[in-house]
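Please read the structure below before turning to the comments.
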Amino acid sequence: MSTELPDYYFRVRDNGAFVYRVDTENRQRRIEMDQIAVVNTRNGEIKPHGRRTLSDQDLSEIKTWMAARMALLAARDIDDIHRAVDYLNITAHWVQSKANEDQLEAVTDDLLLAMHDLRTVLVRKKADRLMKGRDG
């Protein structure tokens, strides 16, 4: 673990974070965190906390964090989808080799509807991409 603390701390929340400036340069050598802003990653909004004015360095650090956060969330989204593909394959194997009639009765309709919905959306999106490629 590093002995140096970062200058900023971001407490993650839905759609953003609370931003704190970290201070250890005080008489008691305690870690103090002073909230300086609230950020919204959904719309890119950065709101100073209270009557505070954010410095250029504050804004730069916040924007850097926001870009990194958005990249991380995008990577997590695609990872979740790859996991869903794995789960579909595992489910198919379970249905074929392990499931009994009662278990199948409990899940078949829900699975069929969810797969039909997914297939419908995927086919529509694929058709849109193909038409866009043909027209563009």
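The values are calculated or read from the model by the stated rules, or taken from the named source; none is laboratory data. Just so it is clear, the structure is predicted and the values come from calculations on it, not from any experiment. A quick note on method: Cβ atoms are made from the backbone with ideal geometry, for glycine too, and the neighbour counts reach across all protein chains shown.
Any chance you could count how many residues in segment 20-34 are more than 23 Å from the chain's Cα centre (by Cα) and either touching a residue at least 24 places away in the same chain (Cβ under 8 Å) or closer than 12 Å to residue 10 by Cα (or both)?
Counting residues in segment 20-34 that are more than 23 Å from the chain's Cα centre (by Cα) and either touching a residue at least 24 places away in the same chain (Cβ under 8 Å) or closer than 12 Å to residue 10 by Cα (or both) gives 5.
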Exercise. Of the conditions (1) over 20 Å from residue 69 (Cα atoms); (2) in contact with a strand residue (DSSP E or B) (Cβ under 8 Å, 6 or more places away or on another chain), residue 25 fails just one. Which one is it?
Worked result: (2)
Problem set entry | residue 109, sole failed condition from (1) more than 23 Å from the chain's Cα centre (by Cα); (2) surrounded by 13 or more Cβ atoms within 10 Å (Cβ to Cβ) | (2)
For this session: Kindly indicate whether residue 76 is within 23 Å of residue 9 (Cβ to Cβ) and touching a residue at least 40 places away in the same chain (Cβ under 8 Å).
Result: no
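Listed here are the residues, each with its yes/no results for (1) of a type in the set (Lys, Arg); (2) surrounded by 11 or more Cβ atoms within 10 Å (Cβ to Cβ); (3) at pLDDT below 95.
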position: 89; (1), (2), (3): no, no, no
position: 95; (1), (2), (3): no, yes, no
position: 98; (1), (2), (3): yes, no, no
position: 105; (1), (2), (3): no, no, no
position: 118; (1), (2), (3): no, yes, no
position: 127; (1), (2), (3): no, no, no
position: 131; (1), (2), (3): no, no, yes
position: 135; (1), (2), (3): no, no, yes
Exercise. Do you know which residues across segment 98-118 are of a type in the set (Gly, Ala, Ser), farther than 13 Å from residue 88 by Cα and not in a loop (DSSP other than H, G, I, E, B)?
Worked result: 106
Exercise. How many residues does segment 35-51 contain that are closer than 19 Å to residue 64 by Cβ and either acidic (Asp, Glu) or more than 25 Å from the chain's Cα centre (by Cα) (or both)?
Worked result: 1
Problem set entry | Answer residue from segment 1-60, given it is acidic (Asp, Glu) and in a helix (DSSP H, G or I) and is surrounded by the most Cβ atoms within 10 Å (Cβ to Cβ) among those | 58
